[in-house]
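What follows is one structure encoded as structure tokens, with my remarks underneath.
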Amino acid sequence: MKQKLNEIENKLLSQAADQVERISLFPYMELFYISATSNVIKINHPEWKYILEINYCKSGRIGWEMGNDNQIYLGPGDFSLHTLDSCADSTIQFPTGSYEGLTLCINLKELKKHPPELLADAQANIDLIYEKFCKNGTFSSFAGTHQTDSIFTGFYEQDTNLRLSYQKLKSLELLLYLMNMKTNKAEQLTEYRSELVEIVHSIHMQLTKNIGKRLTIEELSAQYAVNPTTLKKVFKSVYGKSIAAHINEHRMEMAARLLRETDIGIAEIGQKVGYESQSKFSAAFKSHFEILPREYRKTAKNFTPKSGCSKM
């Protein structure tokens, strides 16, 4: 167990994560807080069928390329479960270039042999989790609910002297919730074929590299031979927002950078990020940052935008 966890931690630290905090909750359960600023990492480890991994996305996005050539993505509040036979040789993606979340690794064999008192008193059936979510290498992923939000947010922002106690308590509460959770295939997050995801990545690259050019969904659909409805669904699944909203964040971030770092005129900056008139650009900029471009330029040294996009 510890050898496996050390291996994953070293991979994350060396390839993707700004920070990985590891906490031992029980002899058979490890908690990781992960903060990453990367795009893609690869993880290789043996096929540990008895080690359960639970992932929770707090912010950003995280995705896996599955063994069946499908891909699945988690956004804020979403969570997933799988055993480590389903990701022995996997590619993990952070499509927005940033991710913050937590991972619980649990040795199911040892948990079953030595359940903590709370689970023992509840006569908890540990096998239920495996049977419902992970059997035969299944990867299960779900959108967050009010109940799961309450559980996962409890892992954060606790007083230092109570932190470990809350982490242990919340981990057991999560296991009890999962044992009692009703599963329905229709409720799981949608998986998409890898070739569709790659098309979306290509479209994202095309749009961000040509930020001043405006392309319609119909034009992109025709160019890449993808149904418009499918294109919109897959893009939102990968990047968390519609094409228009996501690219608008990139436009505004580029405009803000040009206002801070250059003396280019406001009208010309507007044209560079895809606006035909200065008035339309100014209105869009104010809607996004709650300040006009001219005012932003004057106060840029002391102004921190209230919103912005992640790195391209």
message = Within region 90-104, does at least one residue satisfy the condition of being under 24 Å from S237 (Cβ atoms) and surrounded by fewer than 17 Cβ atoms within 10 Å (Cβ to Cβ)?
response = yes
query = Can you name every residue in region 138-189 that is of a type in the set (V, I, T) and modelled with pLDDT under 90?
reply = T138, T160, T183
ask   = Across region 183-242, what is the total count of residues that are of a type in the set (G, A, S) and touching a strand residue (DSSP E or B) at 6+ places or on another chain (Cβ under 6 Å)?
value = 2
remark   = Across (1) in the same structural domain as S242 (by TED's automatic domain parsing); (2) not in a helix (DSSP H, G or I), T183 clears everything bar (1)
message = Six or more apart or on different chains, Cβ atoms under 9 Å: show the pairs whose first residue is in region 231-253 and on the phi > 0 side of the Ramachandran plot and whose second is part of a helix (DSSP H, G or I).
response = G240/H246
message = Condition (residue is among the basic types (K, R), assigned by TED's automatic domain parsing to the domain that holds Q167 and over 18 Å from the mean Cα position of the chain (by Cα)) applied to region 99-111: is it met by at least one residue?
response = yes
message = Can you tell me how many residues within region 208-230 are touching a residue at least 24 places away in the same chain (Cβ under 8 Å) and in a loop (DSSP other than H, G, I, E, B)?
response = 5
inquiry  = Please pick out the residue among S221, S282 that is touching a Leu at 6+ places or on another chain (Cβ under 6 Å) and farther than 30 Å from S141 by Cα.
reply    = S282
note = In the set G274, G270, the lone residue that is part of a helix (DSSP H, G or I) and outside the structural domain of G97 (by TED's automatic domain parsing) is G270
ask   = Restricting attention to region 105-150, which residues are of a type in the set (G, A, S), surrounded by 14 or more Cβ atoms within 10 Å (Cβ to Cβ) and assigned to a helix (DSSP H, G or I)?
value = G137
ask   = Picking from E53, E100, which residue would you name as being in a strand (DSSP E or B), within 14 Å of S171 (Cα to Cα) and acidic (D, E)?
value = E53
task = Considering only region 276-296, state which residues are more than 30 Å from the chain's Cα centre (by Cα) and touching a residue at least 24 places away in the same chain (Cβ under 8 Å).
result = F281, P293, R294, Y296
request  = Run C105 past the list (1) free of Cβ contacts under 8 Å to residues at least 60 places away in the same chain; (2) touching an Asp or Glu at 6+ places or on another chain (Cβ under 6 Å) and report the number of the one that doesn't hold.
outcome  = (1)
query = Being of a type in the set (S, T, Y), outside the structural domain of I23 (by TED's automatic domain parsing), in a loop (DSSP other than H, G, I, E, B) and out of contact with any Cys (no Cβ under 6 Å at 6 or more places or on another chain), is that true of even one residue in region 197-207?
reply = no
ask   = For region 61-72, does any single residue satisfy the condition of being closer than 19 Å to Y192 by Cα and modelled with pLDDT under 70?
value = yes
Single residue of region 19-58 satisfying the filter (among the small types (G, A, S) and either surrounded by fewer than 16 Cβ atoms within 10 Å (Cβ to Cβ) or modelled with pLDDT of 80 or more (or both)) that is farthest from S141 (Cα to Cα) = S24
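The values are calculated or read from the model by the stated rules, or taken from the named source; none is laboratory data. The structure presented is a predicted model; accordingly, all values stated were derived computationally and were not measured. Positions of Cβ are generated from backbone atoms using ideal geometry, with glycine treated the same way; all protein chains shown enter the neighbour counts.
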